[in-house]
1. Probe 1.4 Å, all protein chains in place: accessible area of ILE52 in Å², nearest 10?
2. Compute the FRET efficiency between ILE100 and ASN30 as 1/(1 + (r/R0)^6), taking r as their Cβ-Cβ distance and R0 = 22 Å, and round to the nearest 0.05.
3. Leaving out same-chain residues fewer than 8 places away, which aspartates and glutamates sit with a Cα under 20 Å from that of LYS15?
4. Got a sec? Charge dipole of the chain, +1 on Cβ for Lys and Arg, -1 for Asp and Glu; which of TYR112, TYR32, TYR46 is way out at the positive end?
5. What is the calculated FRET efficiency for ILE111 to HIS60, with r their C-beta to C-beta distance and R₀ = 25 Å, to the nearest 0.05?
6. Using protein chains only and a probe of 1.4 angstrom, how many square angstrom of LEU57 are accessible, to the nearest 10?
7. Can you pull the percent of the chain's accessible area that's carbon plus sulfur, 1.4 Å probe, other chains left in place?
8. Which residue, ASN90, ASN30, ASN38, has the most motion in a Gaussian network model of the chain that connects Cα atoms within less than 10 Å?
Amino acid sequence: MRKYYLFIINNDYYKNYKKNSKVLYNTLYNLYTLDKKNFTYGISLYNSVCQIVSKNLLIHYIQRKYHHKNKTNNLIRLLSQTEKTIVQINYSCIVIVSNINMPEVFKTFYIYHKKIFVCDFQNEDYFWLSDQIQKVR
């Protein structure tokens, strides 16, 4: 299983780090591992690097698209014969846990926003979602 964190990147950071993804990954990793006592710094860093996710819009869209019935929380389970994926949509980022490397739901998020940076902190893997979607097409 892989656990992906999807961040919507602000325009300025996107322009500066599109070609230098390692620096962006390190910045987000530092934010991910930030000690709670540095909460204020973390919020400031997040606001300069990332955009807020339209949580309610995405939850409703995905629930309708995938005929998902659970409307009580922000966890969405997408199950098929070959794919088992859980999506958690937060205001700060989208978390996806999946048994495959390129879950189908990635395409939905690509349609939603073109400047999404994906991090798998456990495997030290990162990529621009747009680059991966274009490779699959």
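1. Only protein atoms counted, so the area is about 100 Å².
2. Efficiency computed from Cβ-Cβ geometry: 0.20.
3. ASP131
4. Highest projection toward the positive end goes to TYR112.
5. Result of the calculation: an efficiency of 0.95.
6. Solvent-accessible area, nearest 10 Å²: 110 Å².
7. 50
8. Comparing ASN90, ASN30, ASN38 in a Gaussian network model of the chain, the most mobile one is ASN38.
The values are calculated or read from the model by the stated rules, or taken from the named source; none is laboratory data. What you are looking at is a predicted structure, and each value in this text was computed from that prediction instead of being measured. Please note: Cβ atoms are built from the backbone with ideal geometry, for glycine as well, and neighbour counts cover all protein chains shown. Protein only, heavy atoms only, side chains kept; ligands, DNA and RNA dropped before computing areas. Shrake-Rupley method; radii C 1.70, N 1.55, O 1.52, S 1.80 Å.
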